[in-house]
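FYI, it's all coordinate maths here, none of it is from the lab. All values derive from a computational prediction rather than experimental measurement. Neighbour counts run over all protein chains shown; Cβ positions are idealised from the backbone, glycine included.
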Amino acid sequence: MRKTLLATTAFVGVAFAGAAHAAPASPISLNVGGYTDFVAGFYHEAEGTSANGARANHDFETEAKLNFDATGKAANGVEYGANIGLWNGSEAGTLWGNGGTSFTLNSGYVWLSGAFGKVLLGDEHGASDLFVYAPTVGEGQVDGRYTDFVDQHTLAFFQASGIDNTEHSTKVTYYTPKVGNETHKVQLGISFIPTLYDYGQSVNNYKNGAGTSKISPYVDVIKSALQYTGKYGKVDVTASAQLIAGSHSNETGTVLFGGSSGVAGTARDFTSYGFGTQVGYNGWTFGGSYTDLGHYNEVASQGKSQETYSGGAKYEFDKVAVAANYLGGKGYVNYLQTTAGTAPSAANAYVGSFNSYGTGAAYTWFPGLTSNIDGVLFAQKSGVTTDHDDGYVVLVSQKLAF
């Protein structure tokens, strides 16, 4: 449910896509929405200790977000708008950790949409939104909130999308119109990011104190994704492919998310690709994905294969949704620490095996009010700390979306 407020001002004109003259615009409407999500976590991790000492085995967490969406429509049919999203989650520098009590800018962009497609300018996810993988429910299981309750210094963070598809670096994104007929459609998206994980008013025009980049060593990143949707009788099919490439920034320092303890060195140029699909029938959704990360997050001396893969199923009936899914991977995790709190070497920063298994359920009591339960088992083999890191996370949450 979204409460719609009419703004008192109106734009007097917009000229776009060959319009011969400025066209009067309709009043802008403002939609306010968001959510509050209370989570109780119960967890255990065999290597869940760091230089900071032993961890607890239970804790509470509250995540909240506010979205402000302004929309308008010109007389020539062009739709336009802007978004501002405020979130209390974590950002660059603490990216795989939990957030705090302060709200930060999670998204902020201007958009235009019409027969030409859609253009977004600002902080948003980009073309990777078209990529699909194993279905999840509630708190997201292997692609969800469980990572807030593990030791981010010792457990690797792999994603079904390969390279983070929730980043919202300042970028320009273009989506083509959906081409096809009523049952078969194709859409292409492409994004350009001058500096990966650079948000808002931040401008990468100088180096930090010691001449290193603490946010990202990648510049001129291009994201592209293609999505097909089709209906075959009672069967719905979504298939996707993505290609992401970026150049290193020539800054010597720690690799992405390394902070003061990551593997030092100059990042390598990278090209990553992936494929994902979902098939739906009679309340069931089955899906999976594969991504090759290429040389993403590697320094010059590293070169072993890096990949992620996912698979799972979801079933929805009445007010209930349940899911089971799997996520595996291998690759370099240069931001991990040894249990002494020091950086790994370039050689032992390789995670040779990561596996996570999740189950979850969600029950909708009333529109917007949902109870969720998640369980995730994980196991990792790496040379960073000891030979293994395994454990579990169980989450119980109450969420209100409005």
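Here are some notes:
- Sorted by Cβ neighbour density within 10 Å, fewest at the top, the residues T136, T266: T266, T136
- Pairs exceeding a 29 Å alpha-carbon distance, out of K178/K314; K171/K314; K118/K314; K178/K223: K171/K314; K118/K314.
- Rg(Cα)/(2.2 N^0.38 Å) for segment 261-402, N = residue count: 1.30
- Length added when fully stretched, D220-H184, from 0.36 nm per residue minus Cα-Cα: 9.6 nm
- Put in line by how crowded their Cβ is, counting other Cβ atoms within 10 Å and starting with the fewest, S249, S202 read S202, S249.
- Cβ-based exposure ranking for Y232, Y174, Y350, in which fewest neighbours within 10 Å come first: Y232, Y174, Y350
- Distance between the 7 Å Cα→Cβ label points at H44 and S202: 3.8 nm.
- Sites A75 and T176 - FRET efficiency at Förster radius 25 Å, r taken between beta-carbons, to 0.05: 0.55
- Fully extended contour minus Cα-Cα distance, from Y35 to F103, at 0.36 nm per residue: 23.2 nm
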